[in-house]
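Below: one structure, written as structure tokens.
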Amino acid sequence: MKEFFQQIKISVVATLVFAVVLCGIYPLVVWIFGQAIFPFQANGSLITNSYGQVVGSRIIGQNFTGPQYFEPRPSYAGNGYDPTASGGSNLGPTSQKLATNIEQAIAAYRTENELSSTTAVPADAVTGSASGLDPDISIANADIQAPRVAKARNVSLADVQALMNKNIDGRSLDIFGESGVNVLTLNIALDQKYPIQK
């Protein structure tokens, strides 16, 4: 019986020690490190507009509509771009629904951007990501959308492309993935520099 209580005591002490270390000290050290070294990222990479209002996060995609805006990748997160319901469509490569959705998205993208019926459409323009929240679009996708945005804002294509180039996110650690254009920061920059006249 004495050994039984000895084992109980060891278990309780071990649980308390691990609780203090893993639920208290470790998170505190990580929080301090994050705030000291990466405060912008640790606090959500929040983006503010010219009035100081938070309008989104640099690392979470959101929807934009209207010809004056660059449009993000399609999203199947919740009802679309819902950061509380991150996820893809879960439709497989043999899904007829997926094929139909992509065909419709290709047709809409070509119409929206005044492309011919034979112009290749970037994959990221018509397919969602696994998270449904990618903040970037491919440079090829942005290049195709740029003339539409320039026309809607009544500015030169070169001006839009110059802002586009300032909002390119490089590859992760310079080796993973591809460079892409951050849709939120680009659209904010466009609104600030070339606002739509009402």
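Laboratory data are not the source of any read-out in this text; all were calculated from the coordinates shown. Computed from a predicted model, the values in this text were never measured in an experiment. Backbone-built Cβ (ideal geometry, glycine too); neighbour counts: all protein chains shown.
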*Mind counting lysine pairs for me in the chain? Cα separation below 30 Å, and the two need to be 8 or more apart along the chain or on different chains.*
5
*If contacts are Cα pairs under 8 angstrom and at least 6 residues apart, what is the relative contact order of the chain in percent?*
20 percent
_Calculated Rg and Dmax of the Cα atoms in Å (choose from (1) 16.3, 52; (2) 23.4, 86; (3) 17.5, 58), label_ = (2)
_Calculated [θ] (222 nm, deg cm²/dmol) that DSSP helices of n ≥ 4 give over the chain, each run adding -39,500 (n - 2.57)_ = -14000 deg cm²/dmol
_Order of L157, L186, L173 - criterion: other Cβ atoms within 10 Å of each residue's Cβ, fewest first_ = L173, L157, L186
*Who wins for biggest fluctuation among T15, T127, T84 in a Gaussian network model of the chain, springs between alpha carbons below 10 Å?*
T15
_Within a Gaussian network of the chain (alpha carbon springs, distance under 10 Å), most fluctuating of V20, V30, V155_ = V20
*Global geometry of region 7-121, whether rounded, prolate or oblate, following the gyration tensor of its Cα atoms and the 1.5 cut on a/c*: oblate
*With axes computed from alpha carbons, what is the tilt in degrees of helix 26-37 against the longest principal axis of the chain, rounded to the nearest 10 within 0 to 90?*
40 degrees
*Anyone know which of G128, G180, G66 comes out most mobile in the 10 Å Cα GNM of the chain?*
G66
_Local electrostatic count, E178, Cβ distance below 12 Å [Lys/Arg +1, Asp/Glu -1]_ = -4
*Starting from region 1-56, pick out the chymotrypsin sites (Phe, Trp or Tyr not before Pro) whose DSSP state is loop and whose Cβ has at most 16 other Cβ atoms within 10 Å.*
Y51
*asked:* Using 0.36 nm times the number of residues separating T84 and V54, minus their current alpha carbon distance, what extension gain do you get?
replied: 9.0 nm
_Hz values of 3J(HN,Hα) by residue in region 136-151 - Karplus curve (6.51, -1.76, 1.60), Gly and Pro given as x_ = 10, 10, 5, 5, 4, 4, 5, 4, 6, 6, 4, x, 4, 5, 4, 5
